[in-house]
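One structure is given below, represented as structure tokens, and several questions about it will come after.
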Amino acid sequence: MRHLFVYGTLRWCLLPEPYRPRCAPGVAPPSAQFVGAPLWNEENFPGLLQAVMQKLSYAGTGQVWGRLYDLGPYPGAVLEKDAGSVITGDVYYLPPDPAVLVSLDAYEDYDARYPERSLFRRVPVSVTMLGGQHLDCWIYVYNGDISRARLIPDGDYLQYRRWNFAVATP
């Protein structure tokens, strides 16, 4: 698969500027509006992702059917075609370098040999881009118990962060 759908901590706007993937030809960058308290800065951005993110290309924003949950330091997606709700995220083109997925799997705590023990699982999903086209992408879905997690109602982690920051800021 040549694409990756991200909905949380790896969204383009949340990455430190030096590590944001370049835009694919003909694709405009997403709006980098203020998204609340900074998630990353250059000093605390995970070392294993620094080179990886620069190998990706931003392809646009899309949506998948499912529900998004607040798990504290990051969100978790649960795919459900009949959910009646969507998860919004960014799509990146993946390079043909297998080390990229190895690093992303490590970041997401996914082990293909033992998916049942992984925090997230990497699975294929059909993403509907905002322009209407469909792309087959990898997505990391949450593999744990969501019974105590807070639902992110609109399925957009960036909007959720903006709202929570606005509420918390006097």
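The values are calculated or read from the model by the stated rules, or taken from the named source; none is laboratory data. Nothing here was measured: the structure is a model prediction, and the numbers come from that model. Heads up, the Cβs are rebuilt from the backbone with ideal geometry, glycines too, and the neighbour counts pull from every protein chain shown.
Yes or no, residue by residue, for (1) closer than 25 Å to residue 55 by Cβ; (2) of a type in the set (Ser, Thr, Tyr); (3) modelled with pLDDT under 95:
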residue: 71; (1), (2), (3): no, no, no
residue: 75; (1), (2), (3): yes, no, no
residue: 80; (1), (2), (3): no, no, yes
residue: 84; (1), (2), (3): no, no, yes
residue: 88; (1), (2), (3): yes, yes, no
residue: 92; (1), (2), (3): yes, yes, no
residue: 100; (1), (2), (3): yes, no, no
residue: 104; (1), (2), (3): yes, no, no
residue: 109; (1), (2), (3): yes, no, no
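Looking at segment 34-48, is at least one residue modelled with pLDDT of 95 or more, farther than 19 Å from residue 152 by Cβ and not acidic (Asp, Glu)?
Looking through segment 34-48, none of the residues is modelled with pLDDT of 95 or more, farther than 19 Å from residue 152 by Cβ and not acidic (Asp, Glu).
From (1) over 28 Å from residue 55 (Cβ atoms); (2) among the hydroxyl-bearing types (Ser, Thr, Tyr); (3) in contact with a Pro (Cβ under 8 Å, 6 or more places away or on another chain), pick out the condition that doesn't hold for residue 147.
Result: residue 147 passes all but (3).
Can you tell me which of 155, 131 is at pLDDT below 95 and either buried (at least 18 other Cβ atoms within 10 Å of the Cβ) or part of a loop (DSSP other than H, G, I, E, B) (or both)?
131
So which of 59, 99, 83, 106 is out of contact with any helix residue (DSSP H, G or I) (no Cβ under 7 Å at 6 or more places or on another chain), assigned to a helix (DSSP H, G or I) and not acidic (Asp, Glu)?
99
Could you please let me know if residue 118 is farther than 19 Å from residue 53 by Cβ and touching a Cys at 6+ places or on another chain (Cβ under 9 Å)?
The answer is no for residue 118.
So if I check each of 30, 124, which one is touching a residue at least 60 places away in the same chain (Cβ under 8 Å) and assigned to a loop (DSSP other than H, G, I, E, B)?
Within the list 30, 124, the selection yields 30.
What's the total number of residues in segment 79-100 that are exposed (fewer than 13 other Cβ atoms within 10 Å of the Cβ) and either small (Gly, Ala, Ser) or touching a Ser or Thr at 6+ places or on another chain (Cβ under 9 Å) (or both)?
Summing the residues that are exposed (fewer than 13 other Cβ atoms within 10 Å of the Cβ) and either small (Gly, Ala, Ser) or touching a Ser or Thr at 6+ places or on another chain (Cβ under 9 Å) (or both) in segment 79-100 gives 2.
Taking segment 134-150 as the region of interest, how many residues are touching a residue at least 40 places away in the same chain (Cβ under 8 Å) and either of a type outside the set (Phe, Trp, Tyr) or surrounded by fewer than 15 Cβ atoms within 10 Å (Cβ to Cβ) (or both)?
Number of matching residues: 9.
Quick one: which residue in 40, 65 is without any contact (Cβ under 8 Å) to a residue 40 or more places away in the chain, part of a strand (DSSP E or B) and of a type outside the set (S, T, N, Q)?
Answer to the check: 65.
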